[in-house]
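Below is one structure, written out as structure tokens; the observations come after it.
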Amino acid sequence: MSHRALSHGPHRWALTLGLVPLLLPLLTPGVGAQEVEYHEYEGTYSIIARDAETGELGMGVQSRAFAVGYRTWTAKGGVAIFAHQAASNPYYGRVGMEMLLAGLPPEEALERLVRSDVESHRRQVAILDAQGRTAAFTGDSTSQWHGHHCGENYCAQGNTLEGPEVVEAMARSIEGSVGDPLADRLLDALDAAEAAGGDRRGMQSAAMIVVNPLQGAGDYSDTVLDIRINDHPVPLVELRRLLTVFRSRGVMAEAHRRFDDGEREEGLRMILELVDEIPEKDQVWVGLAAMYVKMDRREDALEALSKALEINPRNRNYLPTDPDFEALHDDPAFGELMDMAEGTADPEGE
């Protein structure tokens, strides 16, 4: 027996004339999705969630399959996010999104999508719209253990799992983290799922996406965050590291703002914490050095710059003219650092 969890909400039939030809095949069982090829089977666990305060929609996913992120979600800020996994088929997201835009609620859209797909028994699909309404389906033939759980503003689902405790752990995590940034909530839920047993085959890839209307690059994209780990022995650890890298520029800007506003200890603490989290990134050492210059801690600034240059000798190309380090430009020790970095650069690289 298939597992279903359909949300409550008014049934609206606001189909536009232009969408009628697209949706007509969905009235006939077995027509439509069977012509769309699917890729590698995604034995996986995932969670889709909505931040009721910001309007963000997001999904986190982990699998033993390669590059799980590029084919298991469809998302549109202000509209909905779809998880389509197991024998993943983007048909559900592409056509389902049009159905939601036409006015159908998630449960109605999912019922029609499943009915139109002759291989729906191999699919696992969940929908969360911008109003917080949900619908989910787990086909009978998806690998055991399989199942899903939808709650207020989220759906957790998985197949090829150690047991139902994996999905239950995601649900508990997301319910207990309301108020935290959505990306952190998603990642915490994935960590909880892995701690509960996760994919019974192990780990290989992970991904996360967050969307919100006009919140992406240049205020024209709806993609707030899109991080994908295609092949890694501990993909969730790497996903968390890259989330920190993604945020690092903003963290450094906020740290310097606080420092300049008189919160000197807090500003320094923020950058030192970042250095501890991602010490392999030269930019955070440069940011730390700039703060030490503000504090007139020249030796500490030079030591931080030495670390940045060790990681990336090409920092020497701009540091001598960077106004943040103007106080060091005439310092012989600073010039020596630049000369040393030039000597370690790849001679064939320039």
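The table below gives the values:
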| read-out | value |
| --- | --- |
| Helices (runs of 4 or more DSSP H) (entirely within the stretch 207-319) containing at least 2 residues that are among the small types (Gly, Ala, Ser), touching a residue at least 12 places away in the same chain (Cβ under 8 Å) and out of contact with any Pro (no Cβ under 8 Å at 6 or more places or on another chain) | 235-260, 282-294, 298-311 |
| Subset of the stretch 62-109 [within 18 Å of the chain's Cα centre (by Cα) and of a type in the set (Val, Ile, Thr)] | 68, 72, 74, 79, 81 |
| Condition check for residue 224: over 27 Å from residue 70 (Cα atoms) and out of contact with any Phe, Trp or Tyr (no Cβ under 6 Å at 6 or more places or on another chain) | no |
| Answer from 224, 211 - the residue that is among the hydrophobic types (A, V, I, L, M, F, W, C) and out of contact with any Lys or Arg (no Cβ under 8 Å at 6 or more places or on another chain) | 224 |
| Index of the failed condition, residue 257 passing every other in (1) surrounded by fewer than 17 Cβ atoms within 10 Å (Cβ to Cβ); (2) in the same structural domain as residue 72 (by TED's automatic domain parsing); (3) of a type outside the set (A, V, I, L, M, F, W, C) | (2) |
| Strands (runs of 3 or more DSSP E) wholly inside the stretch 43-97 containing at least 3 residues that are buried (at least 21 other Cβ atoms within 10 Å of the Cβ) and of a type in the set (Gly, Ala, Ser) | 57-63, 80-86 |
| Inter-residue pairs, beta-carbon under 7 Å, first of a type in the set (Val, Ile, Thr) and in the stretch 102-118, second surrounded by fewer than 18 Cβ atoms within 10 Å (Cβ to Cβ) and in a loop (DSSP other than H, G, I, E, B), 6+ apart | 118/30 |
| Any hit, the stretch 259-272, residues being within 18 Å of residue 322 (Cβ to Cβ) and either in contact with a strand residue (DSSP E or B) (Cβ under 7 Å, 6 or more places away or on another chain) or not aliphatic (A, V, I, L, M) (or both) | yes |
| The lone exception for residue 192 - which of (1) within 21 Å of residue 235 (Cβ to Cβ); (2) in contact with a strand residue (DSSP E or B) (Cβ under 9 Å, 6 or more places away or on another chain); (3) buried (at least 21 other Cβ atoms within 10 Å of the Cβ) it fails | (2) |
| Tally, over the stretch 294-340, of residues that are aromatic (Phe, Trp, Tyr) and surrounded by fewer than 17 Cβ atoms within 10 Å (Cβ to Cβ) | 1 |
| Those residues of the stretch 115-132 which are surrounded by 21 or more Cβ atoms within 10 Å (Cβ to Cβ) and either in contact with a helix residue (DSSP H, G or I) (Cβ under 6 Å, 6 or more places away or on another chain) or of a type in the set (A, V, I, L, M, F, W, C) (or both), in sequence order | 116, 117, 120, 125, 126, 127, 128, 129 |
| The stretch 276-324 - residue that is modelled with pLDDT of 95 or more and of a type in the set (Phe, Trp, Tyr) and, of those, nearest to the chain's Cα centre (by Cα) | 285 |
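The values are calculated or read from the model by the stated rules, or taken from the named source; none is laboratory data. Every value quoted in this text rests on a predicted model; they were computed, and no experiment measured them. In this analysis, Cβ positions are derived from the backbone assuming ideal geometry, glycine residues included, and neighbour counts consider all displayed protein chains.
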